Amino acid sequence: MKDVITVGESMVLFTPATSPMMRYAETFSKDVGGAESNVAIGLARLGHNVGWISRLGNDEFGTFILNSIRGEGVDVSQVKRDDEHPTGLYFKEIRHAKDVRVQYYRKGSAASQITMDDIDETYWNEAKYLHLTGITPALSDTAYETMVSLMKRASTCNINIVFDPNLRRKLWPDEKARAVLKELIGYSDFVLPGMEEAIFLFGEENPERAAELFLEAGCDQVVIKLGEKGAYYKSKNKSGFIPPHQVKEVIDPVGAGDGFAAGFISGLLDGLPTDQAVKRANAVGAIQTQMIGDYQGLPDREELEQFMSRKSNQDVKR
């Protein structure tokens, strides 16, 4: 039995190596980027049994991604290779920590062709958690239909659904994005939005009031990521603010939200109460910001415990 199954697209990521701006860059570093696979890697590093489901082009880039994610201890046995559609690409400019720009080349990618025929129900229907994001339904109509079917079937199998809206406004019109994300929230047990998504979906800038609106949309529990202000969680019976784990400098903010998701799900798997799961989520997200790359900074169990212990001791001294 898998602890967690994630489903979604991973792409080859290129980052300028000689200049932060692509127009001047002569060389690029090559890596892997994808929200769902980032979460899978984060959970695997924390010692959990994780599977990632997707489609990749039957090309060199697809092989690179498959080997990279497999090498992180994630089960990739259910990834399909596609002879007709390519692996997606994207480019990331880190001009500075508060100005990170991305450009996607994923239209018609192999992952955008995903259907329920690509997913073996006997593989995932005994998992404890299913992690999905709002990126996948933006890729194509069939990807959207697949996400809806997965979420409905997971509910009948008593699998907890963790959904990160992960808004990508470049991928689809705002009106459609708003309608679909609200629909998927209604199928979810746990929702992990940022304030950007809360404002986009409900026009609400206050996290406490926004959390009420998420619950009214149908989820059982919401954890709103507040960046350097920490996080706010709410269910029908409890709520609270969890302070952040401060870092001296943010090197690369991309992937922090995926680290947060991995930390939160890890806490749930370990039986932690919600406030402690959110505290772990804050810690993993903070650690991820300390290294360039979408997942490179994600900690293993020992690194996480050392980081949280160090922060706790600092709090006591103050």
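The values are calculated or read from the model by the stated rules, or taken from the named source; none is laboratory data. Here the structure is a predicted model, which is why all the values come from computation and not from measurement. Cβ: placed from backbone, ideal geometry, glycine included. Neighbour counts: every protein chain shown.
When you scan the range 70-111 for strands (runs of 3 or more DSSP E) that lie fully inside it, which ones turn up with 3 or more residues that are in contact with a Phe, Trp or Tyr (Cβ under 8 Å, 6 or more places away or on another chain)?
Strands (runs of 3 or more DSSP E) meeting the threshold: 89-96, 99-105.
Leu181 - would you say it is hydrophobic (A, V, I, L, M, F, W, C), over 22 Å from Tyr144 (Cα atoms) and touching a helix residue (DSSP H, G or I) at 6+ places or on another chain (Cβ under 9 Å)?
No; evaluated as a whole, the condition is false for this residue.
Can you confirm whether the range 221-244 contains a residue that is assigned to a helix (DSSP H, G or I), more than 22 Å from Arg310 (Cβ to Cβ) and either modelled with pLDDT under 95 or not basic (Lys, Arg) (or both)? Reasoning before the result, please.
To start, the set of residues in the range 221-244 that are assigned to a helix (DSSP H, G or I) comprises 227-229.
Filter once more, so that each one left must be more than 22 Å from Arg310 (Cβ to Cβ): none.
Within the range 221-244 (the criterion being assigned to a helix (DSSP H, G or I), more than 22 Å from Arg310 (Cβ to Cβ) and either modelled with pLDDT under 95 or not basic (Lys, Arg) (or both)), the answer is no, since none of the residues qualifies.
Do the conditions hold for Glu36, that is, is it buried (at least 23 other Cβ atoms within 10 Å of the Cβ), of a type in the set (D, E, K, R) and touching a Phe, Trp or Tyr at 6+ places or on another chain (Cβ under 9 Å)?
Working: buried (at least 23 other Cβ atoms within 10 Å of the Cβ): yes; of a type in the set (D, E, K, R): yes; touching a Phe, Trp or Tyr at 6+ places or on another chain (Cβ under 9 Å): yes.
Against the criterion (buried (at least 23 other Cβ atoms within 10 Å of the Cβ), of a type in the set (D, E, K, R) and touching a Phe, Trp or Tyr at 6+ places or on another chain (Cβ under 9 Å)), Glu36 qualifies.
Suppose we filter the range 188-213 for residues that are touching a residue at least 24 places away in the same chain (Cβ under 8 Å), closer than 19 Å to Glu175 by Cα and surrounded by fewer than 16 Cβ atoms within 10 Å (Cβ to Cβ); how many remain?
1
Looking at the range 20-49, I want the residues that are within 27 Å of Gly263 (Cβ to Cβ) and at pLDDT below 90 and have a partner that is hydrophobic (A, V, I, L, M, F, W, C) and assigned to a loop (DSSP other than H, G, I, E, B) with Cβ atoms under 6 Å, at least 6 apart or on another chain. Which pairs are those?
Close Cβ pairs (under 6 Å, with a partner that is hydrophobic (A, V, I, L, M, F, W, C) and assigned to a loop (DSSP other than H, G, I, E, B)) amount to Ser29/Ala17.
Regarding the range 256-270, can at least one residue be identified that is more than 24 Å from Ser155 (Cα to Cα), out of contact with any Phe, Trp or Tyr (no Cβ under 7 Å at 6 or more places or on another chain), aromatic (Phe, Trp, Tyr) and buried (at least 17 other Cβ atoms within 10 Å of the Cβ)?
Among the residues of the range 256-270, not one is more than 24 Å from Ser155 (Cα to Cα), out of contact with any Phe, Trp or Tyr (no Cβ under 7 Å at 6 or more places or on another chain), aromatic (Phe, Trp, Tyr) and buried (at least 17 other Cβ atoms within 10 Å of the Cβ), which makes the answer no.
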